[in-house]
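Nothing in this text is a laboratory measurement; each read-out follows from the coordinates by a stated rule. Remember, it's a predicted structure, so these values are computed and weren't measured experimentally. Glycine also receives a Cβ, built like all others from the backbone with ideal geometry; neighbour counts cover every protein chain displayed.
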Amino acid sequence: MSIISDHLGIRNHHLTIGGVDTVSLTQKYGTPLYVLDEDRVRRNFRTFRGAFPDADLYYAAKANWNLSILRIIASEGAGADVFSDGELYAALLAGIPPERILFNGNSKTLNELQMAVDTGVRVSMDSLHELYALSDLAVKSGKTVDVAFRVNPDVSPDTHPKIATGLAASKFGIGYADVVEAYKEAKKLGGVRPVGIHCHIGSQILDVAPFGEAVEKMMDMVEQITRLGVDLKFVDLGGGLGIPYQEGMEAPEPRDLAGAVLPTFNERSKSIGIAPKLILEPGRYIVGDAGVLLTGVNTVKKAAKTFVGVDSGLNLLIRPAMYDAYHEVVVANKADVAGTETYDVVGPICESGDVIAKDRELPSVEPGDVVAVLDVGAYGFSMSSQYNGRCRCAEVLISAGGVDLIRGQESYGDLLAKQVLPARLL
Ligand SMILES: *Cc1c(COP(=O)(O)O)cnc(C)c1O
């Protein structure tokens, strides 16, 4: 397997990321360890920006909301798509301007809506109940909130069912048939100003055609809403561009996405007679390939198959268990050694589904080796848990050959920090 790319390489038989030896990183910080490459994040962002020079890019914070990543994103001039109060808190703390934050979510609490009112972010609303609640809170606070509706365009991207979000039966968004009514309602209410329209059809999409279909449907709605007298300032097409997780996998680039959406967006805007801002919300594309998870080998066991038991599992990387996701794995300290044996790489979690990689040809593996799981910068650490009483691992950031710790390893104290023993159990 060829792992060499712009940011991954091999030196002295060891895998490097951003020019830094991954094995020496594990000697200093231990395993498991998440490693993120700042230069790669910036480069990915700039590639996306280059394909959409006139659009606003709202990074999807849920992909990776480590504060350092959000700071990098902020310094690139991006906005953010946030899906919770916690992500909003982190995005603001990182310096992303509130007017460039869109607060998403299909079931926001009143506290979250109040936070949106207080901080002055834009809100993507997912139901009429939410519209009424937000209007109420904004009026009571004497404020007006810029809002969009999340629309369900009913397009079917070819991706894992758990990450297709724009199907008719999806929980997300307002049905196509109800959109005009929703904007009519919004126009009548105080405290809210409908200024945008939003959709997000899914994630890890490897064919740009569904985006083309979505923009057609969105612009049909834009036309109808504009006729109501709504002055649409933005059309947000969400995120979802996939990345090639597997050697040989073909994945579109941002310029392909631009080719699929920009002509329709521009022509239709012109014919409707408006000039809304286009917004895109890439998450995975920006950070996905910028991260590796380094995990130490505890055991190698020959049974019906040969199992490599490593020290991180679905607690730190749930994508294989949750989406049947494929991640390339490399023995980081034997990175230039050809594969000779077939292994299943499995985590330490008490679940038979805790398999990181199945049937992989790797060089002979022994306890003490380090396995690198590639392309884990998105939906890796951000989906981690403390299941099985395991402390989350540290995260480091590589930049220009230097290394910074950006999250320490959790302690047993962290595991139990919020637990309270009632006095009668003392
Ligand atoms: C998850 C999400 C994104 C980002 O999706 P990616 O596949 O990571 O690009 C963008 N917008 C919304 C509303 C989302 O829920």
**If the convex hull is drawn through the Cα atoms of the chain, its volume per residue in Å³** = 157
**Prompt:** Within straight cross-link reach of residue 277, meaning Cα distance under 21 Å, which lysines are found once same-chain residues fewer than 8 apart are removed?
**Reply:** 187, 217, 233
**Item:** Computed log₁₀ I(q)/I(0) - Debye formula, equal Cα scatterers, no solvent, the range 142-217, q 0.13, 0.26 Å⁻¹
**Value:** -0.44, -1.14
**Prompt:** Taking the simple approach of a point 7 Å from Cα along Cα-to-Cβ for both residue 247 and residue 93, what is their distance in nm?
**Reply:** 4.0
**Asked** Looking only at 289, 39, 118, which one moves most when the chain is put into a Gaussian network model with springs between Cα atoms under 10 Å?
**Response** 118
**Prompt:** With a 10 Å Cβ neighbour count serving as the proxy for reagent exposure, in which order, fewest first, do 376, 155 appear?
**Reply:** 155, 376
**Asked** Gap in Å between the Cα centre of the range 314-354 and the Cα centre of the range 377-420?
**Response** 19
**Item:** Burial order of peptide ranges 317-329, 299-311 (average beta-carbon count within 10 Å, highest first)
**Value:** 317-329, 299-311
**Prompt:** Which residue, 296, 389, 240, tops the fluctuation ranking in a GNM of the chain built on C-alpha contacts under 10 Å?
**Reply:** 389
**Request:** Mind putting a number on the dipole of the chain about its Cα centre? Charges go on the C-beta only, +1 for Lys and Arg and -1 for Asp and Glu, and I need it in Debye to the nearest 20.
**Result:** 980
**Fill in**
Normalised per residue, the volume inside the convex hull of the alpha-carbon atoms of the range 238-369 in Å³ amounts to 131
**Message:** Which residue, 316, 283, 296, has the largest displacement toward the positive end of the dipole of the range 281-333 when charges sit on each Cβ (Lys, Arg +1; Asp, Glu -1)?
**Reply:** 296
**Asked** To the nearest 0.05, what FRET efficiency results for residue 188 and residue 423 with a Förster distance of 51 Å applied to their C-beta separation?
**Response** 0.40
**Asked** What is the spread of the Cα atoms of the range 175-318 along each of their three principal axes, largest first, in whole Å?
**Response** 69, 34, 25
**Request:** Straight distance only, please: which lysines reach the Cα of residue 302 with their own Cα at less than 16 Å, same-chain residues fewer than 8 apart left out?
**Result:** 358
**Message:** For the range 100-160 and the range 224-268, what is the centre-to-centre distance using only Cα atoms, to the nearest Å?
**Reply:** 21
**Prompt:** Between residue 111 and residue 141, what FRET efficiency follows from the Cβ-Cβ distance if R0 is 22 Å, with the result rounded to 0.05?
**Reply:** 0.95
**Request:** Could you give the size of the charge dipole of the range 1-153 about its Cα centre, using +1 on the Cβ of each K and R and -1 on the Cβ of each D and E, expressed in debye and rounded to the nearest 20?
**Result:** 320
**Item:** residue 271 paired with residue 255, simple spin-label distance in nm, labels 7 Å along Cα-to-beta-carbon
**Value:** 2.8
**Prompt:** Could you give the semi-axes, largest first, of the ellipsoid that matches the range 29-184, computed as the square roots of 5 times the alpha carbon gyration tensor eigenvalues and rounded to whole Å?
**Reply:** 28, 21, 15
**Item:** Dipole magnitude (debye, nearest 20) for the range 71-140, charges at Cβ of Lys, Arg, Asp, Glu
**Value:** 120
**Fill in**
Final fewest-first order of 352, 141 on the 10 Å Cβ neighbour count is 352, 141
**Prompt:** What does the charge count near residue 157 come to, summing +1 for each Lys or Arg and -1 for each Asp or Glu among other residues with Cβ under 10 Å from its Cβ?
**Reply:** -3
**Prompt:** For the chain, what proportion of DSSP beta bridges, expressed in % and rounded to the nearest 5, is antiparallel?
**Reply:** 50
**Prompt:** What spacing in nm lies between the two simple spin-label points modelled at residue 414 and residue 10, each 7 Å away from Cα in the Cβ direction?
**Reply:** 3.4
